[in-house]
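Reading through the structure tokens given below for one structure.
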Amino acid sequence: MDWKSSNVLITGATGFVGTWLAKALAERGANVIAFVRDEIPNAPIRTMDIFGKLGAAVPGDITDYASVKRVFAEYDIDTVFHLAAQTIVGVAKESPTTTFDVNIRGTWNMLEAARTSGKVKRMVVASTDKVYGEPIKLPINEDHPLLASYPYDASKVAVEALTRTYAMTYGLPVAITRCCNIYGGGDMNFSRIIPGTIKSVIEGTNPVIRSDGTPVRDFIHVDDAVAAYITLAEHIGQPGINGQAFNFGSSAPINMLDLTKKIIEASGRTQLKPDVQGTRKPDAEIDRQYLSAAKAEQMLGWKPQVKLEAGLKGTIAWYEDYFSKIEKTK
């Protein structure tokens, strides 16, 4: 596909994955339109100078249908990546209605605007592996029932139902990503284990593991996640793709203690030790969760390319450079 002829709308373009997706698409020659709710001075999209590569940064809120509709109309959008969401699990538990409003209403606004524009050729909607809830079997494939029990997870189940409705009822060319945990430079949510641990080791403090260290997850580098989004978009319209959800995972699950040790090792600060606190409530977190990405490999030709050790080293280097630049501006 030649992206040079595309007008691409990205919601969540100032977020972690959205920043790298905007960069990758701009480098492919696409006219990237970022739909931006909040201006954050030190956001990675600013410090990485990606704003200068965008076709436009349009202020607005996905919960406001009029502003969403305006973007589609004024910029002749033909491709959509809908990543904007309230993604922080703790915030969702504290404020579920806000999360439902942003994630569910925001998605139906995007889907309806795409449907009525008549110009959208492909649309990718971001979901999550959290829709599966407590797994019945591992690794989890796309046929696993959606057993979400918590507000963020449930909001994404609703997002998927809406997306499939627009695909099946209206023929909207849309598909869904279910990514495992994504890591890499630019994730400013330091409550997540990888950026939080990296921040600790850069500061010279022992990284905290809130659980007992045994929960198992899989992780993909943001470069592989971006490749997943773009690859899926390029396949939309082909047989068996529209309305479908695809897992994107590493096929290399790891427990939290071993992950933390790998980050310490990759940082070279081997005098530091994991601080295993074991304070996680038994019902607060799924113990083991990791995906099968066989469907994505078979139907899309996607496979993760970045090994964990190499990805962690590059991620640590990114944060070291970022924190150094931020410090110089103080």
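Every number in this text was worked out from the coordinates using simple rules, so none of it is lab data. Please read all numbers here as calculations on a predicted model, not as lab measurements. Cβ atoms come from the backbone with ideal geometry, glycine included; neighbour counts cover every protein chain shown.
Set against the labelled values [x] 1.42; [y] 0.97; [z] 1.15, Cα Rg over 2.2 N^0.38 Å computed from this structure falls on [y]. Return the single residue from ASN141, ASN247, ASN103 with maximal mean-square fluctuation; model: Gaussian network over the chain, springs between Cα atoms under 10 Å. It is ASN141. Taking PRO139, PRO239, PRO44 in turn, the Gaussian network model of the chain (Cα-Cα springs below 10 Å) assigns the largest fluctuation to PRO239. Of THR315, THR177, THR98, the residue with the greatest mean-square motion in the GNM of the chain, using alpha carbon springs below 10 Å, is THR98. Using DSSP to call loops (not H, G, I, E or B), can you name the trypsin sites (Lys or Arg not before Pro) in the stretch 136-167 whose Cβ has at most 12 other Cβ atoms within 10 angstrom? In loop regions of the stretch 136-167 (DSSP not H, G, I, E or B), the sparsely surrounded trypsin sites (Lys or Arg not before Pro) are LYS137.
What does the C-alpha gyration tensor say about the overall shape of the stretch 123-193? Classify as rounded when a/c is under 1.5, otherwise prolate if a/b is larger than b/c, or oblate. The shape class here is oblate.
For the set LYS4/LYS303; LYS119/LYS307; LYS262/LYS325, the pairs lying more than 30 angstrom apart at their alpha carbons are LYS119/LYS307.
For the ranges 203-216, 10-23, what's the packing order if you count other beta-carbon atoms within 10 Å of each residue, average per peptide, and put the highest first? Don't jump to the answer; show the numbers that get you there.
Numbers: 203-216: 16.5, 10-23: 26.3.
Ranking, from highest mean packing down: 10-23, 203-216.
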